[in-house]
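Engineer: Dropping a structure here in structure tokens format, bear with me for questions.
The values are calculated or read from the model by the stated rules, or taken from the named source; none is laboratory data. Values in this document were obtained by computation on a predicted structure and should not be read as measured data. Neighbour counts run over all protein chains shown; Cβ positions are idealised from the backbone, glycine included.
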Amino acid sequence: MQRINTPELLDSDACSARGVERSLQDLCRMNRWFGGVATTYFMVNRVVAATGARRLSLLEVAAGFGEAPKTTARRLSRQGVALDITMLDRARSHLRNGSRAVVADALALPFRDAAFDVVSCNLFAHHIEPHQLAQFVSDALRVSRCAVLINDLIRHPLHLALVYAGFPLMRARISRLDGVASVRRAYVPEEIRQILSASFSSESPPRLELSRHYLFRMGVIVWKPGASSAEKT
């Protein structure tokens, strides 16, 4: 199945406020039910295990309502681990009121070096082209102290069929159209590996850790070269 980069409605400014709200609510449910939350939790837990940290700061890029990191934070709190989340999105209307939030461009992160322990994104990578993905990861590594986490879809014909079958679960027309476009423009794990491996110097490339998850989800952990363990508290 060839990648087709079809624009998504939620990326435009043509959606009504109500349409945006309903579509983001759909995304929250899809993340809870179909592997999005579980994938983020798995990767953040890997960072916790690797660093021994009891508190981590996390920047969620293209955050939307932030269902995956927020649910992950609640689960980690039961393990005695605190996750401090900052949300970033291109549009204020995409962010939940009450969140620690920043409106900014995901490809030009407005933060100092090593500002967060972890930079994470969920359902963002497939929105950008390979050179932009490499640019994003490079900048996210600059901003992070430990790792960059990519949670995204895997392109597959069966996945596309499941999206069509799931139309009745999606309340917003935007969600149905964007769901099809998302699978068509998604990457497969080996493509992500090739894009990122080719974009860094061979002298000190970051270590990549790829995993496959429930219902065509993938997790990619890009470990920051030379990063020390987060401070244990």
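Engineer: Within segment 110-124, count every residue that is in contact with a Leu (Cβ under 6 Å, 6 or more places away or on another chain) and aliphatic (A, V, I, L, M).
Structural biologist: Going residue by residue through segment 110-124, those that are in contact with a Leu (Cβ under 6 Å, 6 or more places away or on another chain) are 116-120.
Retained after the next criterion (residues that are aliphatic (A, V, I, L, M)): 118-119.
The qualifying residues number 2.
Engineer: Further question: In segment 111-168, which residues are of a type in the set (Ser, Thr, Tyr), under 27 Å from residue 85 (Cα atoms) and surrounded by fewer than 24 Cβ atoms within 10 Å (Cβ to Cβ)?
Structural biologist: So the first thing to find is which residues in segment 111-168 are of a type in the set (Ser, Thr, Tyr), and the list is 120, 138, 144, 164.
Then drop every residue that is not under 27 Å from residue 85 (Cα atoms), which leaves 120, 138, 144.
Scanning segment 111-168 gives a single hit, 138.
Engineer: Just give me the residues in segment 176-210 being assigned to a loop (DSSP other than H, G, I, E, B) and touching a residue at least 40 places away in the same chain (Cβ under 8 Å), in sequence order.
Structural biologist: Taking segment 176-210 first, the residues assigned to a loop (DSSP other than H, G, I, E, B) are 186-188, 200-206.
Once the filter is applied, which keeps residues that are assigned to a loop (DSSP other than H, G, I, E, B) and touching a residue at least 40 places away in the same chain (Cβ under 8 Å), segment 176-210 yields 186, 187, 200, 206.
Engineer: Turning to a different aspect of this structure: Among what's in segment 172-200 and is crowded, with 22+ Cβ neighbours inside 10 Å and not aliphatic (A, V, I, L, M), pick the residue that is farthest from residue 64 (Cα to Cα).
Structural biologist: Of everything passing the filter in segment 172-200, 187 is farthest from residue 64 (Cα to Cα).
Engineer: While we're here: Is segment 80-88 home to any residue that is touching a Leu at 6+ places or on another chain (Cβ under 7 Å) and either under 26 Å from residue 185 (Cβ atoms) or basic (Lys, Arg) (or both)?
Structural biologist: yes
Engineer: Just give me the residues in segment 66-105 being under 22 Å from residue 33 (Cβ atoms), of a type in the set (Lys, Arg) and either touching a Pro at 6+ places or on another chain (Cβ under 7 Å) or assigned to a loop (DSSP other than H, G, I, E, B) (or both), in sequence order.
Structural biologist: Within segment 66-105, 78, 96 meet the criteria.
Engineer: Quick check on segment 223-232. Is at least one of its residues in a strand (DSSP E or B) and either surrounded by 16 or more Cβ atoms within 10 Å (Cβ to Cβ) or touching a helix residue (DSSP H, G or I) at 6+ places or on another chain (Cβ under 7 Å) (or both)?
Structural biologist: So in segment 223-232, the residues in a strand (DSSP E or B) come out as 223.
Right, trim to either surrounded by 16 or more Cβ atoms within 10 Å (Cβ to Cβ) or touching a helix residue (DSSP H, G or I) at 6+ places or on another chain (Cβ under 7 Å) (or both) and you get 223.
Looking through segment 223-232, at least one residue is in a strand (DSSP E or B) and either surrounded by 16 or more Cβ atoms within 10 Å (Cβ to Cβ) or touching a helix residue (DSSP H, G or I) at 6+ places or on another chain (Cβ under 7 Å) (or both).
Engineer: Can you run down the residue pairs with Cβ atoms below 8 Å, 6 or more apart or on separate chains, where the first is in segment 219-233 and closer than 16 Å to residue 201 by Cα and of a type in the set (D, E, K, R) and the partner is at pLDDT 50 or above and part of a loop (DSSP other than H, G, I, E, B)?
Structural biologist: 224/206
Engineer: Kindly indicate whether any position in segment 144-165 is touching a strand residue (DSSP E or B) at 6+ places or on another chain (Cβ under 8 Å), touching a residue at least 60 places away in the same chain (Cβ under 8 Å), more than 15 Å from residue 129 (Cα to Cα) and among the hydroxyl-bearing types (Ser, Thr, Tyr).
Structural biologist: Within segment 144-165 (the criterion being touching a strand residue (DSSP E or B) at 6+ places or on another chain (Cβ under 8 Å), touching a residue at least 60 places away in the same chain (Cβ under 8 Å), more than 15 Å from residue 129 (Cα to Cα) and among the hydroxyl-bearing types (Ser, Thr, Tyr)), the answer is yes, since at least one residue qualifies.
Engineer: While we're looking at this one, here's another question. Within segment 15-65, restricting attention to residues that are surrounded by 22 or more Cβ atoms within 10 Å (Cβ to Cβ) and hydroxyl-bearing (Ser, Thr, Tyr), which residue is nearest to residue 173 (Cα to Cα)?
Structural biologist: By that ranking, first place goes to 23.
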